[in-house]
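What follows is one structure encoded as structure tokens, with my remarks underneath.
Any read-out appearing in this document is the output of simple, stated calculations on the displayed coordinates, not a laboratory observation. Worth saying up front: this structure is predicted, and the values here are computed from it rather than measured. Virtual Cβ from ideal backbone geometry, glycine too; neighbours counted across all protein chains shown.
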Amino acid sequence: MDIERGIKVADNNQKNQVEDVNRLRQVRRDKLAELQAAGKDPFQIVKYDQTHHTKDIRDNFESLEFVPPVDEEGKALLVELSDVPAEKVVSIAGRMMSKRVMGKASFAGLQDRDGRMQLYVSRNDIGEEAYAAFKKMDIGDIIGVKGFAFKTRTGEISVHVKELVLLSKSLMPLPEKFHGLTDTEIRYRQRYVDLIMNEDVRETFKKRSAILREIRNFLAARDFMEVETPMLVENAGGAAARPFVTHYNALDEERKLRISLELYLKRLIVGGLERVYEIGRVFRNEGVDTRHNPEFTLMELYQAYTDYEGMMELTESMFRYLAEKVCGTTQIKYGDNIIDLGKPFERLTMNDAIKKYVGIDFDTVETDEEAKALAKEHHIEFEDRHTKGDIINLFFEEFCEKNLIQPTFIMDHPLAISPLTKKKPTDPEKVERFELFINTWEMCNAYSELNDPIDQRKRFAAQDANAAAGDEEAEHTDEDFLNALEIGMAPTGGIGYGIDRLCMLLTDSATIRDVLLFPTLKSTGK
């Protein structure tokens, strides 16, 4: 009975909240109708002359401050806007986030892209009619104000408003009316409200933009060319992942959304561009968790005449550069850990990592059967088709990744899990490949790229066999790519970075959804 009563109370509370919102919406619609009837429809305004943002006023307050003249008793005299020197007039626009009416004078809070600014609004300054209209405005309305910068008695930088105009009417109350926007699901679904209500969210996405800008600056300094390659492809290759499949009506053919950028970028290396990169969306038909979203931002770059050692140097230098530029330090706080990007990154082969954290030396394991026996002994699940190389990777994922907090390059992966990578000349069971791990996460994946078309065809054939055996993430033979390799590709180093994961690290964000403006969510009502 108590449970039933609790459910009824919750249902009633939700019903009452919906009724309150609907009532407030109607009040706002009525205000809009009144404005429209008076010929003052805010939605007819097409632009506003915005000379400053709130940050500009704070950063340049000494030069912008205007102190009105005073009378003999030291009381500030009323001045017209025309009396204010032109270089000290400020015009800002944004959303009204607070309002405190005190008779003939009021204070309000305006929020623009850079933050909030207090406004001082008085009837004597803007006129009786405009002041009456201001008092009817609602939290959430978008306004434009013109006036001058000053400091209140408490020392707060503010704008003394001389002109005020309603630019857009908000017809839906902001969540602040109901104790803020705290429901995580609603925050992701209504990111536009989340950005309004939560300053830390706005800062995260400003920092994400800065990360992308500085990546481009870093690569431009190293003479890389930014390019764009197809998203809708015949063969979704370059990674082990299940693609999204669609139908192209005009050609009556099946197409896939790309899972990687690799194979087209390598074609450009064949074409002689030498240093290329792309930052773009890729799509993988997989699950969603704190570090995975089915569409995400990937950056891949390829540099001719270098190898995976060259990619290690570039990666370490770029991560250190980004930390300094975006965070102002190479000591990055993530959760309870301090990640040190200033020190040389540790380097371990995959087999050495397993030896370090498990005590097994796979360099002494000679057969697939021995590897599978070790997997059973350590309760690692595997499939019949798996080889020693697959088992090594499973051991690494199970026992090693969780220990890699500080930046660590894991190198020299098994050939079986690296179909696009050059073999190590000294050990043909391994390849010249590395992954960078930070905070237990894989941050990037790099190769000395396979440029032997004969070897590449054999490896594609092995991947085709895996696909026929039921591996939905296996690669497929790409004849045009093989043709490009036969034309000839220079020795090349290549690498792919998960940009969203990098943004998580540099913004101390708990989940990938916190760094995606519009993360993938299940449709409502399903």
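Overview of values
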item: Ellipticity estimate at 222 nm from DSSP helix runs (n ≥ 4, -39,500 (n - 2.57)) divided over the chain, nearest 500; result: -10500 deg cm²/dmol
item: Percent of alpha-carbon pairs separated by more than 24 Å within region 16-180; result: 38 percent
item: Footprinting exposure proxy for TYR248, TYR321 (fewest neighbouring C-beta atoms within 10 Å first); result: TYR248, TYR321
item: Difference of contour (0.36 nm per residue) and Cα-Cα distance, MET102 to GLU73; result: 8.0 nm
item: Sorted largest first, extent of region 201-287 alpha carbons per principal axis (Å); result: 43, 41, 26
item: Two-site label geometry, ALA220 and SER317: point separation in nm, points 7 Å out along Cα→Cβ; result: 1.8 nm
item: Angle in degrees between helix 368-377 and the longest Cα principal axis of the chain, rounded to the nearest 10; result: 50 degrees
item: Summed side-chain charge close to GLU381 - residues other than GLU381 whose Cβ falls under 14 Å, Lys, Arg +1, Asp, Glu -1; result: -3
item: Distant-in-sequence amide H partners of LYS162 (H built 1.01 Å from N, under 5 Å); result: LYS146, GLY147, PHE148
item: Relative contact order computed over the chain (Cα-Cα under 8 Å; 6+ residues apart), in percent; result: 11 percent
item: Mean Cα-pair separation over length for region 16-180, i.e. relative contact order, pairs under 8 Å, 6 or more apart, %; result: 25 percent
item: Stokes-Einstein D (µm²/s) once Rh is taken as the Kirkwood radius of the chain over alpha-carbon pairs, at 37 °C in 0.692 mPa s; result: 118 µm²/s
